[in-house]
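The values are calculated or read from the model by the stated rules, or taken from the named source; none is laboratory data. On a predicted model such as this, the values are computed, not experimentally measured, just so you know. Positions of Cβ are generated from backbone atoms using ideal geometry, with glycine treated the same way; all protein chains shown enter the neighbour counts.
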Amino acid sequence: MNGYDCSKLPARFRLRELNDEIAATNASPVALLHRMALADDADSELTREEFFERALKIATGYDKVVVGTAAQVADHLEEEFELTGSRGGFMIEHPMTTPRDFLNVVDDLVPVLQRRGRYRTRYPGKTLRENLAI
């Protein structure tokens, strides 16, 4: 929350009240409060600890983390792909922990998906524009 001192949060409050308070200080409540209000009732009371726990999950996506071997993660991605009628690909965010985690995706997960025919092994175009079909 841009420009708002979160150390001044009361022990218990409502998201709507917090949003109003932030707006009154001319700070920006940003999308985090909006996303939290959509996920929860904006008028329900929560503690400071609950607020930070929920905010962390929403801001980082930790509640949507998939953990396992490369084959297990590939199984999960394929299942989600089939169940949701995905339109042609996977969106994998940069892991929040270490740079090595991103390399694990590249070195371990991508080859599994390639062997299963779920990830390209080569691109037909010579430029990014050609490969994205823009």
Could you list all residues from the range 44-75 that are more than 30 Å from R116 (Cα to Cα) and small (G, A, S)? S44, A55, A59
If we keep only residues of the range 52-97 that are assigned to a helix (DSSP H, G or I) and of a type in the set (K, R), then the residue modelled with the highest pLDDT is R54
Being more than 30 Å from E17 (Cβ to Cβ), modelled with pLDDT of 90 or more, charged (D, E, K, R) and over 15 Å from the mean Cα position of the chain (by Cα) is the requirement here; does R122 meet it? yes
Consider A39 against the criteria (1) within 30 Å of L132 (Cα to Cα); (2) at pLDDT below 75: it satisfies all of them except one. Which criterion is unmet? (1)
